1. Once you charge only the Cβ atoms, +1 for Lys and Arg and -1 for Asp and Glu, what is the size of the charge dipole of the stretch B:38-196 about its Cα centre, to the nearest 20 debye?
2. Can you compute the charge dipole magnitude of the protein assembly as shown about its Cα centre, using +1 on each Lys and Arg Cβ and -1 on each Asp and Glu Cβ, nothing else charged? Give it in debye, rounded to the nearest 20.
3. Residue B:202 label point, 7 Å along Cα→Cβ, cut-off 15 Å on backbone N: hits in the stretch B:1-27?
4. In nm, to one decimal, how far is the modelled label at residue A:98 from the one at residue B:13, with both set 7 Å along Cα→Cβ?
5. Just to be sure I understand the model, the point goes 7 Å from the Cα along the line to the Cβ. What's the resulting residue A:23 to residue B:3 distance in nm?
6. Given a Förster radius of 25 Å and the C-beta distance between residue B:120 and residue A:118 as r, what FRET efficiency does 1/(1 + (r/R0)^6) yield to the nearest 0.05?
7. Among A:156, A:62, A:202, whose Cα projects farthest towards the positive end of the dipole of the protein assembly as shown, with charges put on the beta-carbon of Lys, Arg (+1) and Asp, Glu (-1)?
8. First measure r as the distance between the Cβ atoms of residue B:99 and residue A:81, then evaluate 1/(1 + (r/R0)^6) with R0 = 25 Å and state the FRET efficiency to the nearest 0.05.
Amino acid sequence: MSNETKTKEKVDMDPKYILKLTLTLLVTCVIVAGVLGFVNSITKDKIEAFNLEKTNTALSNVYQQASAPQFEETDVTDAMTAAASSYSATLKNVYKVTDGGSDAGYAVKIVAAGSQGDIEMVVGVDTDGAVTGVSIVKNSETSGIGSKVMGNLPLANGTPVLDQFIGKTTSDQPLKVGSNVDAISGATVSSKGVTKGVNGALAVVAAIG
Amino acid sequence: MNFGKQFKEGLITNNPVLVQLLGMCSTMAITTSFFNGLGMGVAVLIILTLSNIIIAAIRKIVPDKIRIAMFIVVIACFVTCVDLLLQAFVPALSASLGVFLPLIVVNCIILGRAEAFSYKNGIAASAVDGICQGFGYTVVLLIMCVIRELLGTGTFGGGILNGGDGIRLIPEQFGIKILTLPVGGFLCLACLIAAMQWALARPQKKEESK
């Protein structure tokens, strides 16, 4: 035997001891998995229902002028994903919107980076390619700063910050904070995040054709 | 078991944040509104107490070599349970705590107390230790929240009182914005630690000067 095998660790590695360690960990993990499975089973439906409700609220928020909008999820193509990522946003879902049977455009669920993490938002685009509204689904922006953008608080000129995107089309692109988009003072990065999402959504709808 | 002594230790002489300097990341990150601080504090208190109890209960059958792995599994189990329950029943809190809730798994306070206290003490004493240390953590979070919220945004009780907006005590334009940013968290925590060390050192100095 070489000298290396006589190190201290090797001496402790009695097969019975190793088996004891492994079994203890295994039993613990099985118990823990059982507990987690149980908690998951009682919370799963509630969490799913809550997430669905949030998405639905956001969807109807961006189509306030429609009387009874219906949302139908459509397939995301590579062209749409590429269109979103050209504005450094990540496409999640695309919904085809109909209002009373007639075509009313698309709603795009899209994610863009804010100052503290990802901002998940829904952007509505009508049949003319103009933004109908922006609604935030999920965010982790700083309370009191970026949260002002998320909460659609008014800009210095009185327009709520998310409502300034309404009516913007691909011909206004690229939308940019400082030129054709106003930011809430102190929350430039959060405003830029939302702008990225809107840019991406417009490009996605343009890619649908 | 001495509840009074353990309580004093958790709150003052051996406060997890201000004296042991544990769990500082979450302390600085989430203390921007009263609701966040309270929610995080209570979440940690519950997880700390439960994991202390379980670790004290299994301490005699756990082989020494894999104790850290066992601690982490037990803690992770409770954290995931609390995370799922909050997502299901208090979604607003879950959304505002964000990633810091699952990160309680690696919060040094819980692992630190497991190693330093509950692995060496009985179930009842460990439960009391969990409650006292968790309470100490919560109090520090709330102090941080009140200072940062009041001076940073000018409100008190954000997220709970006055429909979630908090009660405005200082006009908004006088808010010191930097305090709501992470750097403000560092500054605020540093001042609190300094004040605590000063307060703890005072009786000693008096004796020395005699």
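1. Dipole size: approximately 400 debye.
2. Its charge dipole is roughly 2000 debye.
3. Those under the cut-off are B:12-13.
4. For residue A:98 paired with residue B:13, the spin-label model returns 7.4 nm.
5. Each label point lies 7 Å from its Cα, and together they span 4.1 nm.
6. 0.05
7. A:156
8. That gives a FRET efficiency of 0.50.
Every number here is computed from the coordinates shown, using simple stated rules; none is lab data. Nothing here was measured: the structure is a model prediction, and the numbers come from that model. Neighbour counts run over all protein chains shown; Cβ positions are idealised from the backbone, glycine included.
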